[in-house]
């Protein structure tokens with residue numbers, strides 16, 4: 001599901017990626033911190049496999065780190081993750 005969500009965001013389909021995010025968090029009960037970790041793993045595997053440009057990766061890692069920090073500091077995980085997905089567009 002995470003791979004589908006990231007794909008949708010990278011393809012500029014924010015609404016689809018947001019719907020997948022909500023499904024994973026609400027229906028499957030995945031925490032915000034787990035979502036950040038899974039997104040990080042997916043993005044990292046893409047750059048390691050040559051499926052993503054290094055410059056794009058560096059920008060996304062900064063956004064992922066910022067989202068992780070905000071969630072750990074108590075911000076609403078769903079809002080922060082939606083903002084992160086918007087940065088993938």
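The values are calculated or read from the model by the stated rules, or taken from the named source; none is laboratory data. Keep in mind that this is a model prediction, so the values were computed, not measured. Quick reminder, even Gly has a Cβ in these numbers, built from the backbone with ideal geometry, and neighbours come from all protein chains shown.
Just wondering, is there one or more residues in the range 80-88 that are within 21 Å of residue 4 (Cβ to Cβ), more than 10 Å from the chain's Cα centre (by Cα) and either at pLDDT below 95 or assigned to a helix (DSSP H, G or I) (or both)?
There is no residue in the range 80-88 that is within 21 Å of residue 4 (Cβ to Cβ), more than 10 Å from the chain's Cα centre (by Cα) and either at pLDDT below 95 or assigned to a helix (DSSP H, G or I) (or both).
Look through the range 19-36, keep the residues that are assigned to a helix (DSSP H, G or I) and either touching a helix residue (DSSP H, G or I) at 6+ places or on another chain (Cβ under 6 Å) or in contact (Cβ under 8 Å) with a residue 24 or more places away in the chain (or both), and return whichever of them is surrounded by the fewest Cβ atoms within 10 Å (Cβ to Cβ).
The residue in question is 33.
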